[in-house]
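Reviewing the structure listed below.
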Amino acid sequence: MVPGGLTAGHLIGAGVAGRFDPVRPGSHWDLSPLAVVAVPITLAVLAGAFVAGLRGELAAVRFSALALQQIALYVGLELVEHLASGIGPADALAERSLLVGALTQVVVAGGLALLIGALQRVGRAVAGDLASSLAYQARRPWSVTSGPDPRKLSVVLCTPHRGPPARLRLA
């Protein structure tokens with residue numbers, strides 16, 4: 001989930017931060033190669049959250065861990081980008097755009113955590129609907145498509161009907 005969040009946060013953060021600090025030529029890299037990897041990973045994590053909901057499990061993504069990882073990677077990436085363009089770490093850390101970008105990472109991590117939670121709840125709801133549907137079908141003695149349940153018929157047909165009346169049975 002981190003590559004997708006980092007890529008989205010970096011793109012959004014660069015757009016927002018460009019309003020505060022002028023973008024220096026060569027100070028930002030193209031992240032489209034990361035997006036090629038990030039999109040399938042993100043989709044797989046989102047699908048995994050839905051499946052975890054179906055199974056009644058918790059999704060393995062927490063907001064705090066995701067936000068901290070994204071911020072750490074974002075700040076590291078920004079420092080490397082600025083160092084590569086000849087800007088020192090002190091100047092890079094002093095830019096307002098770095099703070100705006102880090103806050104953007106927190107917002108993106110929150111959005112992803114909410115999306116994961118929503119998909120997990122949808123999975124639980126689907127699992128609950130399936131379970132109630134199967135329970136309803138199990139309660140019906142006759143199926144619309146296949147007739148009587150053969151397991152129940154075999155019990156009824158194989159049960160001996162001889163013996164003392166029910167009032168005299170010792171149980």
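A short reminder: the numbers here are calculations on the coordinates, not readings from a lab. Remember, predicted model here, so these are calculated numbers, not experimental data. Note: ideal-geometry Cβ built from the backbone for every residue, glycine included; neighbour counts use all protein chains shown.
Normalised radius of gyration (Cα atoms, divided by 2.2 N^0.38 Å) for segment 27-111: 1.34. The string of couplings for segment 31-41 from the Karplus curve (6.51, -1.76, 1.60, θ = phi - 60°) is 9, 4, x, 5, 5, 4, 8, 5, 5, x, 5 Hz, one whole number per residue in order, with x for Gly and Pro. Enumerate the residues in segment 50-73 having an amide nitrogen under 19 Å from the point lying 7 Å beyond the Cα of residue 129 toward its Cβ. Within reach of a label on residue 129: 50-57. Our coupling estimate for segment 70-79, obtained by passing each phi through the Karplus curve with A = 6.51, B = -1.76, C = 1.60 and θ = phi - 60°, is 5, 5, 4, 5, 5, 5, x, 5, 5, 5 Hz, Gly and Pro reported as x.
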